[in-house]
Amino acid sequence: MTLGELMGPEVSLPAPLAALPVKGLTADSREVKPGYLFAALPGTSNDGARFIDDAVKRGAVAVLTGQAVTGPNDDTPFIADADPRRRLALIAARFFGQQPETVVAVTGTNGKTSVVSFVRQLWAAQGFAAASLGTIGVVGPRGRETLKHTTPDPIALHRILAALAKDGVTHLALEASSHGLQQRRIDGVRLAAAAFTNISRDHLDYHRSFADYFAQKRRLFTELLPDGAAVVDVDSDAGKEVAKAAKARGLRLISVGRAGETLRLVSCEIDGFDQNLVIEHGGRQTRVRLPLVGAFQASNALVAAGVCLATGSSNVLPLLAELHGARGRLDLAGTATDGSPIFIDYAHTPDALAKALDALRPFVRNRLLVVFGCGGDRDKGKRPEMGAIAAAKADLVIVTDDNPRSEEPAAIRHEILAAAPGAIEIGDRSTAIAEAIHELKSGDVLLIAGKGHETGQTIGTTVIPFSDHDAVMAALKQEANLG
């Protein structure tokens, strides 16, 4: 493509410059090849402008910057843009071209992964070639591919979108993280609908404040969705605020939840590890047996059903009975010899941990046990909050390591333990899980929280292979041999 085609009609370029052919895109100077456009983006730790000379030497034919700069080669055009991240997203969309016909984005603190998984399943059950994209990777007709980020950078994202479209995928549900929204990663995606689950404390190590964090979530509805439908769980003040913003923008509102007007949850009754839901839609009530644990999963299922309604489905509610949970989302990972169930959940925020423990409490006849930790180099303020929640809602608490990164693991555990009197400290996560399983007695329930689907433990800058699921299986095998 030419530079003029990539920039679009909103950027006026001299004719010779507009005709310049561009063979590739990158924001990493080390990946520049002759004929590439290099995006010198400002970052939290590195400024891309520092690498312009290297990119030009490697053959960059144009440089996108956020400020007026000059390089070592006067023949290389420099294009300054007030919002270079957004410009790169629009460029990437034009460069790769194809996208699935129907793309929806889901945002919120908790539930994004489950909702996009549910949407994919519901679409597939209706015969659509569907995929989902987010924390657990890209899942589609060809299987699963892991990703480095919940919302990939725009170049990687549009490469994936084009590949999915070429493979025949027509429907895609993707997670829109607060980082991805603030960094304009999905600005070039043609969205048919967007959904909001809930919001609570998270990522305050990155965002300036909770208000800024929430503002990035709302941006999906106030700026990125040009028309179409907004699907919002309105059972919270934040949900009502998002719904109000969506209506003010002129979007079609699909509200769900106990206070929902489109899909109203009339009742929810626990039935074993299932739930019996009564949902009102269009003046009619539908009874559905949802094969998932936790009231929050009923909420996620309603949001997913709302997304399907927003994109043209009709009789979608009966299909909720066929849903299966995303890996590591209140996932029944094993059962002890005495029958005690062991659940794994990705809960790594105070609200998510509280909801997971609350969801399991009805199944407890004796004790509720929890193993969890907090990540290093992340929001420190949530550590005592999560310690207090665990102490209040569980009967036995084991505090362990969860991706300590560059921080001293013992210091992280200390910050949690300060608010969790009586908790047990076991740094090694495998040992902590094994000890918790060894402690199980008839009527107990165990929750292992924080890592969910992850298959690595980050210590320093090294990622050591580790899986909570594997640790559970190893501990159960050991217990069986001891028995």
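The values are calculated or read from the model by the stated rules, or taken from the named source; none is laboratory data. Please read these numbers as outputs of a predicted model, since none were measured by experiment. Neighbour counts run over all protein chains shown; Cβ positions are idealised from the backbone, glycine included.
In segment 218-235, what residues are more than 25 Å from Arg86 (Cβ to Cβ) and in contact (Cβ under 8 Å) with a residue 60 or more places away in the chain?
Passing the criteria: Asp233, Asp235.
So, Ile426, is that one under 15 Å from Asp402 (Cβ atoms), under 23 Å from the mean Cα position of the chain (by Cα) and not aromatic (Phe, Trp, Tyr) or not?
no
Please tell me if Gly66 is of a type in the set (Gly, Ala, Ser) and surrounded by fewer than 23 Cβ atoms within 10 Å (Cβ to Cβ).
Yes: the conditions hold for Gly66.
Exactly one of (1) exposed (fewer than 14 other Cβ atoms within 10 Å of the Cβ); (2) on the phi > 0 side of the Ramachandran plot is unmet by Gly228. Its number?
Condition not satisfied by Gly228: (1).
Looking at segment 186-209, I want the residues that are within 18 Å of Val119 (Cα to Cα) and have a partner that is at pLDDT below 75 and in a loop (DSSP other than H, G, I, E, B) with Cβ atoms under 6 Å, at least 6 apart or on another chain. Which pairs are those?
none
Wholly within segment 424-483, which strands (runs of 3 or more DSSP E) include no fewer than the required count, namely at least 2 residues that are assigned by TED's automatic domain parsing to the domain that holds Asp377, among the aliphatic types (A, V, I, L, M) and surrounded by fewer than 23 Cβ atoms within 10 Å (Cβ to Cβ)?
Output list reads 462-465.
List every residue pair whose Cβ atoms lie under 6 Å apart, where the two residues are 6 or more positions apart in sequence or sit on different chains, the first residue falls within segment 236-256 and is within 16 Å of Leu302 (Cα to Cα), and the second residue, located anywhere, is surrounded by fewer than 16 Cβ atoms within 10 Å (Cβ to Cβ).
Once the first residue is within 16 Å of Leu302 (Cα to Cα) and sits in segment 236-256, its partners that are surrounded by fewer than 16 Cβ atoms within 10 Å (Cβ to Cβ) give Leu253/Lys247; Ser255/Glu261.
Taking only segment 445-481 into account, find how many residues are over 20 Å from Asp345 (Cα atoms), touching a residue at least 12 places away in the same chain (Cβ under 8 Å) and among the charged types (D, E, K, R).
So the answer is 1.
One line per residue, one yes/no per condition, for (1) within 23 Å of Gly456 (Cβ to Cβ); (2) surrounded by 24 or more Cβ atoms within 10 Å (Cβ to Cβ):
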residue: Thr107; (1), (2): no, yes
residue: Ser114; (1), (2): yes, yes
residue: Ala125; (1), (2): no, no
residue: Pro152; (1), (2): yes, no
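Looking only at residues in segment 135-181 that are assigned to a helix (DSSP H, G or I) and either acidic (Asp, Glu) or under 11 Å from the mean Cα position of the chain (by Cα) (or both), which one is farthest from Val32 (Cα to Cα)?
That would be Ser178.
Of the residues Val266, Val256, Val278, which is crowded, with 18+ Cβ neighbours inside 10 Å and in contact with a strand residue (DSSP E or B) (Cβ under 6 Å, 6 or more places away or on another chain)?
Matching residue, one of Val266, Val256, Val278: Val256.
In segment 316-334, which residue that is touching a residue at least 40 places away in the same chain (Cβ under 8 Å) and not hydrophobic (A, V, I, L, M, F, W, C) is surrounded by the most Cβ atoms within 10 Å (Cβ to Cβ)?
Arg329
What's the number of the only condition in (1) within 23 Å of Ala359 (Cα to Cα); (2) aliphatic (A, V, I, L, M); (3) in a helix (DSSP H, G or I) that Ala419 fails to meet?
Among (1) within 23 Å of Ala359 (Cα to Cα); (2) aliphatic (A, V, I, L, M); (3) in a helix (DSSP H, G or I), Ala419 violates only (3).
When segment 160-184 is examined, which residues are found to be in contact with a helix residue (DSSP H, G or I) (Cβ under 6 Å, 6 or more places away or on another chain) and either within 21 Å of Gly43 (Cα to Cα) or basic (Lys, Arg) (or both)?
Residues satisfying the conditions are Ala176, Ser178, Leu181, Gln182, Gln183, Arg184.
Does Ala305 meet the test of being modelled with pLDDT of 95 or more, out of contact with any Phe, Trp or Tyr (no Cβ under 7 Å at 6 or more places or on another chain), farther than 16 Å from Ala124 by Cβ and surrounded by 19 or more Cβ atoms within 10 Å (Cβ to Cβ)?
No: the conditions fail for Ala305.
Just give me the residues in segment 280-328 being under 29 Å from Ala354 (Cβ atoms) and either touching a Cys at 6+ places or on another chain (Cβ under 8 Å) or polar (S, T, N, Q) (or both), in sequence order.
Within segment 280-328, Ala295, Gln297, Ala298, Ser299, Asn300 meet the criteria.
For segment 335-342, state whether one or more residues are buried (at least 21 other Cβ atoms within 10 Å of the Cβ), in contact with an Asp or Glu (Cβ under 9 Å, 6 or more places away or on another chain) and at pLDDT 95 or above.
Yes; the residues of segment 335-342 include at least one that is buried (at least 21 other Cβ atoms within 10 Å of the Cβ), in contact with an Asp or Glu (Cβ under 9 Å, 6 or more places away or on another chain) and at pLDDT 95 or above.
One residue is enough: does segment 42-55 have a residue meeting the conditions closer than 16 Å to Ala156 by Cα, among the hydrophobic types (A, V, I, L, M, F, W, C) and in contact with a helix residue (DSSP H, G or I) (Cβ under 8 Å, 6 or more places away or on another chain)?
For segment 42-55, residues closer than 16 Å to Ala156 by Cα, among the hydrophobic types (A, V, I, L, M, F, W, C) and in contact with a helix residue (DSSP H, G or I) (Cβ under 8 Å, 6 or more places away or on another chain): absent.
Are any residues in segment 259-301 more than 24 Å from the chain's Cα centre (by Cα), within 21 Å of Leu330 (Cβ to Cβ) and not in a strand (DSSP E or B), and if so, which ones?
Gly272, Phe273
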